[in-house]
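Notes follow once the structure below has been shown.
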Amino acid sequence: MERTLVLVKPDAMERGLAGEIISRLERLGLRIVALRLLHMDEALARRHYAEHEGKPFFEELIRYITSSPVIAAVFQGDNAVKMVRQAMGDIDPARAMPGTIRGDLGIDIGHNSVHGSDSLETAEKEIRLFFDEGDLFS
Ligand code: IDP
Ligand code: MG
C-alpha cells in the first residue's frame, strides 16, 4: 500500500477549499492516515522545496507557502502517488483539465491549491518532514 504527502496550499485554505480538496481525494478511495494544520516556517519550506532552490520562482514560492496555515495530510491506498497527481492535474491551472483539482480550483501556476508528492521515494521523504512515524495510522 502506498502513501503520499498532500498539502492544501495557502490559496485554497484562504478560500475555504480544504474540505473540498480532501473530499475529492477521499472519493478516490484514498484514506487519511495522518493530518495536521500548521503554519510552515521558512526552514521547513526550504527543505520541502529544496529541489527548486535557485530557480527564478523559488523565493516567491517560499514566501507564498509560508504566507498562511496549510493542511498537511498523508493519504494511503493503492497507487496513492499517481492517483493524487492525476487528481491534481497540470501544474498550471490554465492548462489543467476540468475535473482536476487545479483545473477547477487553482488560480495560477504560483497559486495552484494543492501539493502531492511526485514519486514514492519523494513521498516518504516529504512525509518525514511533516510527521513522526508514530503519528501515522494504517
Ligand atoms: P508540482 O507542484 O506539480 O510538483 P513542481 O515543479 O514541483 O510542481 O513545482 C513546485 C511548485 O512551485 C508548483 O506547484 C508551483 O506552485 C511552483 N512553480 C513551479 N514552477 C513555477 C513557475 O514557473 N512559476 C511560478 N511558480 C512555479
Ligand atoms: Mg513537485
Return the residue satisfying two criteria in turn: it lies in the range 27-64 and is aliphatic (A, V, I, L, M) and out of contact with any strand residue (DSSP E or B) (no Cβ under 8 Å at 6 or more places or on another chain), and of such residues it is farthest from Glu133 (Cα to Cα). Leu61
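From the list Leu136, Leu37, Leu44, Leu105, which one is touching a residue at least 60 places away in the same chain (Cβ under 8 Å) and under 16 Å from Leu17 (Cα atoms)?
Among Leu136, Leu37, Leu44, Leu105, only Leu105 is touching a residue at least 60 places away in the same chain (Cβ under 8 Å) and under 16 Å from Leu17 (Cα atoms).
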Return the residues of the range 79-125 that are surrounded by 14 or more Cβ atoms within 10 Å (Cβ to Cβ), assigned to a loop (DSSP other than H, G, I, E, B) and touching a Gly at 6+ places or on another chain (Cβ under 7 Å); say none if nothing qualifies. Gly89, Pro93, Ala96, Thr100, Asn112, Ser113
Condition test on Ser117, is it under 20 Å from Met13 (Cα atoms), in contact with a strand residue (DSSP E or B) (Cβ under 7 Å, 6 or more places away or on another chain) and small (Gly, Ala, Ser)? yes
Look through the range 4-26, keep the residues that are in a loop (DSSP other than H, G, I, E, B) and open to solvent by 50 Å² or more (accessible area, probe 1.4 Å), and return whichever of them is farthest from Phe131 (Cα to Cα). Arg15
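The values are calculated or read from the model by the stated rules, or taken from the named source; none is laboratory data. Computed from a predicted model, the values in this text were never measured in an experiment. Don't worry about glycine lacking a Cβ; one is built from the backbone with ideal geometry, like all the others, and counts go over all protein chains shown. Remember, those area values only see protein heavy atoms, side chains included, never the ligands or the DNA or RNA. Shrake-Rupley method; radii C 1.70, N 1.55, O 1.52, S 1.80 Å.
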